[in-house]
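The values are calculated or read from the model by the stated rules, or taken from the named source; none is laboratory data. Being a predicted model, the structure only gives us computed values, none of them experimental. All Cβ positions, even for glycine, are placed from backbone atoms using ideal geometry, and neighbour counts span all protein chains on display. These accessible areas exclude ligands, DNA and RNA; they are computed on the full protein's heavy atoms, side chains included. Shrake-Rupley method; radii C 1.70, N 1.55, O 1.52, S 1.80 Å.
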Amino acid sequence: MIEHEIYMKRCLQLAKNGLGTTYPNPLVGSVIVHNGKIIGEGWHKKAGEPHAEVNAINSVKNKELLAESTIYVNLEPCSHFGKTPPCANLIIEHKIPKVVIGCIDSYSEVAGKGIEKLTNAGCKVTLNVLEKECLEINKRFFTFHNKKRPYIILKWAETADGFIAPLQNETKTSITISNQYSRQLVHKYRTEEQAILVGTNTVLNDNPNLDARDWFGQHPTRIVLDRTNKIPVDFHVKNKKNPTIIFTEEENYVNSENCIYEFSIFDTLFISNILKNLYEKNIQSIIIEGGSITLQQFIDSNLWDEARVFISENNSIEGVKKPVFNFDTNQTVKIKNNQLKIYTNYD
Ligand SMILES: NC(=O)c1ccc[n+]([C@@H]2O[C@H](COP(=O)([O-])OP(=O)(O)OC[C@H]3O[C@@H](n4cnc5c(N)ncnc54)[C@H](OP(=O)(O)O)[C@@H]3O)[C@@H](O)[C@H]2O)c1
C-alpha cells in the first residue's frame, strides 16, 4: 500500500503542472510502473490535448512491458469519446493488467463507467489510493460539476487595524497594503484561476489591470460588477489585453471585441444568478478580490470555498472596513512582514 501511495504522490506532482491551463478539464497525472521502476509518466496539459494516461503510455519506450505493468492515475480514466478517445479503452488495448486509481470521477460522463469498463476487460483495479489528496487537487473541477457553480476563492489584504483601503484622497493614488512578495503571490494565484471578479468601486478607485503580469502563466478572464454601467471606456478593465465580462442592470450597453455585457438585476438573487451565468459559460473557478461590499455579498450568501487574507503590520486608522468574516483559519503563513491566513469553507 505504501508503494501505491508513493506512485500516487508522483501522479499528483505531475498533475499539478497543469494548474491553470487544463480548464474545463481536471488536473490529471499518470505513472506506469514495471517491476518497481517507473517506465513512463505524463500529465494532462490542455483541453483538447492528450490525457495523462495517453502521455504516460506514449512515453514508454518498450511498449511490450505494458502487459506486465501497473498504471497509476489520480482520477478515474475516462470512458467516453470527448475531444480525445477514452483512456479506459487505451489501457485495455495495451493490455495493462493493473490500474490504481486515486478517486472516482463524479462527472456524469464518467462516474464509475471507466472503472466498470476496465474491470469487465479483466483489469485488476485498486481504488481510492490517497483519495483525500486526489479530491483536493481537483476541488475546482468537483465543485463545478457537483455544485453547478465555479469554485470561489475570496482574497483581500487588510491593515492590522482592519481596513482594506485608506480614505480616498483627491489624487486617487492607490496605496498598497501588502508587501511585494504577497502581491507577487497574488499574481501566481491569478494564473491558477479561470476568472477574477471585482466590484464597481474597486474599478473606479484603483483602475486595476486584474492580470497576472508579475508571474508566468494564463491571465484570468476579468469579471466586473457595474450596475449602472458607469465605468469609463478608457479604464484598464476595458482594454483589449484580456476578455472582460461586465454584469449590469443597464440595458443600453454595447458589446465590444473583448467586453461582453451580461444583463442581470442586482437583487437578492444577484450573486446566485451570476454564478449560474458563469457556470453556463464553463467558468470553473473565480478569485474574488474585493472590495468589501462585493466580498460581503459572497460571505453572507455562504457562496465561497476558500479565503486568502493578507494582513499587514501597518495601521490605517480610517478607510474602507474589511468585510465581516468570523471563521477559524486553518493555516497561517508568514510572508516577511505580512501574514497570510487561509480559510476553508467546509459547508
Ligand atoms: N485591500 C484589498 O484587498 C482591496 C481589494 C479590492 C478593493 N479594495 C478597495 O476597496 C474599495 C472599494 O470597496 P467597496 O466595498 O467600497 O466597493 P466594491 O465592492 O468594489 O464595489 C461595490 C459597488 O458595486 C456595486 N454593487 C451593487 N450591487 C452589488 C452587489 N450585489 N455586489 C457587489 N457590488 C454591488 C455598487 O455600486 P453601485 O452604487 O453602482 O450600485 C457598490 O457600491 C476601493 O477603495 C479599493 O481600493 C481593497
For residue 320, the accessible surface traced by a 1.4 Å probe with all protein chains present amounts, in square angstrom to the nearest 10, to 60 Å²
Chymotrypsin sites (Phe, Trp or Tyr not before Pro) in the range 186-278 lying in a DSSP loop, each with at most 10 other Cβ atoms within 10 Å of its Cβ, come to 216
So the compactness index of the range 149-344, its C-alpha Rg divided by 2.2 N^0.38 Å, takes the value 0.99
Dividing the mean separation of Cα pairs under 8 Å (6+ apart) by the residue count of the chain yields a relative contact order in percent of 16 percent
Gyration tensor on Cα atoms of the range 1-142, a ≥ b ≥ c root eigenvalues, a/c under 1.5 rounded, else prolate if a/b beats b/c, else oblate, says rounded
Contour minus Cα-Cα span, residue 293 to residue 132, at 0.36 nm per residue, comes to 54.5 nm
Honestly the chain on the Cα gyration tensor test (a ≥ b ≥ c root eigenvalues; a/c under 1.5 rounded, otherwise a/b vs b/c for prolate or oblate) is just prolate
The answer for trypsin sites (Lys or Arg not before Pro) in the range 44-103 that fall in a DSSP coil and have at most 12 neighbouring Cβ atoms within 10 Å is 46, 61, 83
Any lysines whose Cα falls less than 16 Å from that of residue 147, other than same-chain ones fewer than 8 residues away, would be 139, 276, 281
Averaged per residue, the 1.4 Å probe accessible area of the range 116-168, protein heavy atoms only, in Å², is roughly 45 Å²
Restricting to aspartates and glutamates and to Cα separations under 17 Å from residue 83, and discarding same-chain partners fewer than 8 apart, the set is 49, 53, 109
The range 149-344: relative contact order from alpha carbon pairs under 8 Å, six or more residues apart, as a whole percent, is 34 percent
Calc'd 3J(HN,Hα), the range 227-241, phi into Karplus 6.51 cos²θ - 1.76 cosθ + 1.60 (θ = phi - 60°), Hz, glycine/Pro = x, comes to 3, 9, 6, 10, 6, x, 5, 8, 6, 3, 5, 9, 6, 8, 5
The chain: antiparallel bridges as % of DSSP beta bridges, rounded to 5, reads 40 percent
Looks like the range 1-67, by Cα gyration tensor root eigenvalues a ≥ b ≥ c and the a/c under 1.5 rounded cutoff (else prolate when a/b is bigger than b/c, oblate otherwise), is oblate
Taking R0 as 30 Å and r as the Cβ-Cβ distance between residue 38 and residue 80, the FRET efficiency 1/(1 + (r/R0)^6), rounded to the nearest 0.05, comes to 0.60
Taking r as the C-beta separation of residue 344 and residue 16 and R0 as 25 Å, the FRET efficiency to the nearest 0.05 is 0.85
With only helices counted (DSSP H, runs n ≥ 4, each -39500 (n - 2.57)), the per-residue ellipticity at 222 nm for the chain, to the nearest 500, works out to -7500 deg cm²/dmol
Whole-percent carbon and sulfur contribution to the accessible surface of the chain (1.4 Å, no ligands, DNA or RNA) stands at 50 percent
Label model pair residue 235, residue 46: point-to-point distance (7 angstrom along the Cα→beta-carbon line) in nm is 3.2 nm
Residues meeting the amide H criterion for residue 151 (H placed from the backbone, H to H distance under 5 Å, 5 or more places apart or on another chain) are 144, 285, 286
Taking alpha-carbon centroids only, the range 22-82 lies from the range 116-175 a number of Å equal to 24 Å
